[in-house]
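Enquirer: Next up is a structure, given as structure tokens.
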Amino acid sequence: MQQIFNFIIRNSNRLLFLLLLGISLALTIQSHSFHRSKVISSANFLSGGVYERINHINEYLNLRTENEELVLENARLKSLLFNKEDTTKLPLPDSIKGVKPADIIVSKVIHNSYNTHENYITINSGANDGIRQDMGVINSKGIIGVIDNTSPRYATVISILNMKSQINAKLKKSNHFGSLTWDGKSTGFVQLEDVPRLASIRKGDTIVTGGQSVIFPEGINIGTVDKIQTKENSSYYVINVKLFNDMTNLGHVYIIKSKDREELINLEKKGKDE
Amino acid sequence: MNSALLVNIFRFIMLLAIQIVIFNNMNFLGYISPFPYLLYIILYPVNGNRAGLIFSSFLLGLIMDMFCNSGGIHATACVILAYYRPYIFKFSFGLSYEYQTIRLNESLTPERFSFILVSVLLHHIVLFTLEAFQFKFILDILLRTLFSTIFTIITSIIIIYLIKPHKR
């Protein structure tokens, strides 16, 4: 017994080191699996609050671009209002031809990272505003990401510039779909994989969200085709997509609350169980 | 003794605040950001309590992770640096480092510079390896480590000179 105590006292630093190393490595490994720990994320009270303060200052520097975007969107909405026949052409996020009823929650980005392989965005509304995991996040130009963690007042978003993110997307002119991923290289481009070679694709074609996911409604803008590559020994294209959004400069965002989501998930679960 | 503790607590909070408010928003060329919060571990007193250093470094890293949404990578890198700090001292200053009173925030000698360089390099290699977590990014990891090390060292030395107590 004495020897055990002696051993612990003699090696206390090493034991403390190994313990803390174990904890931090566990947190690291956990963070690389898809759904992360709730504790170490910027959606908590401390970091969310600090980011909100910082953002209050940064906001003033971006007022001009933010105003320009709002003016543009106002103009678009006004054109919608005055020319009602346009409604069928424009990919409105809510109630696409009444197929997928969805609610929109307006929120603001208070922290945005884009310089690592796994990027997250923090927004200043959370569970109190009705935000839950796996809701889609967009802005006036296109998609931004999917909600990951929520706290009462803040939430984190898995940005599309995150190598873990996978979003169903398709060509606007046909119905060939693939999954949208990121290769971690450039903040202006994402990759659309698993598009069959049968599809006829040209540079400049528009890519929109596909109707297969329960997160986003169909037809939200993503970007345009920039480069088309073919993998060897495979019958699929890998397409470089140039994003409409500048992911390094985000202001207000909309969170899509799909009403059909639970029904769809339950239905699909039922199919798998049987 | 008590004042040394207060100085350390003050340094801990100030470096974290500067890191989060200013340096985390710096993105040279899109992906290079300096991490001068390491100065807390580097400037910790040579003969200070080692368990205290390891534990406070863990907390430092954990708070950084909270703000960067990065799981536990900063905590891991900080704990490893804190634990191996005496070995880096031995490497840079020779065996008798414990009997000297090394004050890092005086003029920059080659020994002091090599100590800062090795510490920052160790921390950044661990950090970026864990961040990428895949071997196919080995080139990317090395590139990020190299550039971030350069920028961290430059900002660290500037901060050391700025907070250096004035001699009269």
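Each value in this text was obtained by applying a stated rule to the coordinates, not by laboratory testing. Computed from a predicted structure; not experimentally measured. Here the Cβ positions follow ideal geometry from the backbone for every residue, glycine too, while neighbour counts run over all protein chains shown.
Enquirer: Past 22 Å, Cα to Cα, is the threshold; run A:Lys108/A:Lys203; A:Lys227/A:Lys257; A:Lys203/B:Lys136; A:Lys173/A:Lys203 against it and keep the listed order.
Expert: The pairs that break the limit, which is 22 Å between Cα atoms, are A:Lys108/A:Lys203; A:Lys227/A:Lys257; A:Lys203/B:Lys136.
Enquirer: Next question. Taking 1 over the mean of 1/r across every pair of different Cα atoms in chain B, what Kirkwood radius in Å do you get? Spell out each step's value before the answer.
Expert: Details: mean 1/r = 0.0610 Å⁻¹.
Hydrodynamic radius (Kirkwood, Cα pairs) of chain B is 16.4 Å.
Enquirer: Work out the mean other chain Cβ neighbour count within 10 Å for the residues of A:12-22 and drop it here as an integer.
Expert: 6
Enquirer: In peptide B:55-67, what is the residue-averaged number of other protein chain Cβ atoms found within 10 Å of each Cβ?
Expert: Mean partner-chain Cβ count within 10 Å for B:55-67: 4.
Enquirer: Rank these for me by crowding, B:His124, A:His176, going from fewest to most other beta carbons within 10 Å.
Expert: Numbers: B:His124 22, A:His176 18.
Fewest to most other Cβ atoms nearby, the residues stand as A:His176, B:His124.
Enquirer: For B:Asn49, which sequence-distant residues (separation of 5 or more, or a different chain) have an amide H within less than 5 Å of its own amide H, given hydrogens modelled in the peptide plane?
Expert: Here nothing satisfies the definition.
Enquirer: What span do the alpha-carbon atoms of the stretch A:167-243 cover on each of the three principal axes, reported in whole Å from largest to smallest?
Expert: So the three principal-axis extents are 33, 28, 21 Å.
Enquirer: Answer with one residue from A:Gly211, A:Asn168, A:Asn240: the one whose Cα lies farthest towards the positive end of the charge dipole of the stretch A:167-243, charges on Cβ with Lys, Arg +1 and Asp, Glu -1.
Expert: Highest projection toward the positive end goes to A:Asn240.
Enquirer: Based only on other Cβ atoms within 10 Å, what is the fewest-to-most ordering of A:His56, A:His111?
Expert: A:His56, A:His111
Enquirer: Further question on the same structure: Packing-wise, with mean Cβ within 10 Å as the measure, how do B:4-11, A:22-29 rank, highest first?
Expert: The packing order, highest mean first, is A:22-29, B:4-11.
Enquirer: Hey, with R₀ at 35 Å, roughly what FRET efficiency would A:Ile265 and A:Lys173 work out to, going by the Cβ-Cβ distance, to 0.05?
Expert: 0.70
Enquirer: Using the Cα centre of the protein assembly as shown as the reference point, and only Cβ charges (+1 on K/R, -1 on D/E), how large is the resulting charge dipole? Debye, rounded to the nearest 20.
Expert: Dipole size: approximately 720 debye.
Enquirer: Among B:Ser3, A:Ser235, what is the fewest-to-most ranking by other Cβ atoms within 10 Å?
Expert: On the way: B:Ser3 7, A:Ser235 10.
Ranked by crowding around the Cβ, least crowded first: B:Ser3, A:Ser235.
Enquirer: Taking +1 at the Cβ of each Lys and Arg and -1 at the Cβ of each Asp and Glu, which of A:His32, A:Val106, A:Gly223 sits farthest along the dipole of chain A towards its positive end, judged by Cα position relative to the Cα centre?
Expert: A:His32
Enquirer: Would you mind getting the Kirkwood hydrodynamic radius of the protein assembly as shown from its Cα pairs, rounded to one decimal in Å?
Expert: That comes to 24.3 Å for the protein assembly as shown.
Enquirer: Would you work out which of B:Phe23, A:Asn124, B:Cys68 lies farthest towards the positive end of the dipole of the protein assembly as shown, given +1 charges on the beta-carbon of Lys and Arg and -1 on that of Asp and Glu, about the Cα centre?
Expert: The listed residue farthest towards the positive side: B:Phe23.
Enquirer: May I ask you to compute the full-extension gain from A:Leu46 to A:Ile105, defined as 0.36 nm times their residue separation minus their alpha-carbon distance, rounded to one decimal in nm?
Expert: 18.9 nm
Enquirer: Okay, helix-only estimate at 222 nm for the protein assembly as shown: each DSSP H run of n ≥ 4 adds -39500 (n - 2.57), divide by all residues, round to 500 deg cm²/dmol; what do you get?
Expert: Mean residue ellipticity at 222 nm (helix-derived): -15000 deg cm²/dmol.
Enquirer: Taking beta carbons within 10 Å but only from partner chains, what does the mean come to for residues A:107-118?
Expert: Mean partner-chain Cβ count within 10 Å for A:107-118: 4.
Enquirer: Can you give the relative contact order of the stretch A:167-243 as a percent, counting alpha carbon pairs under 8 Å and 6+ residues apart?
Expert: Computed value for the stretch A:167-243: 31 percent relative contact order.
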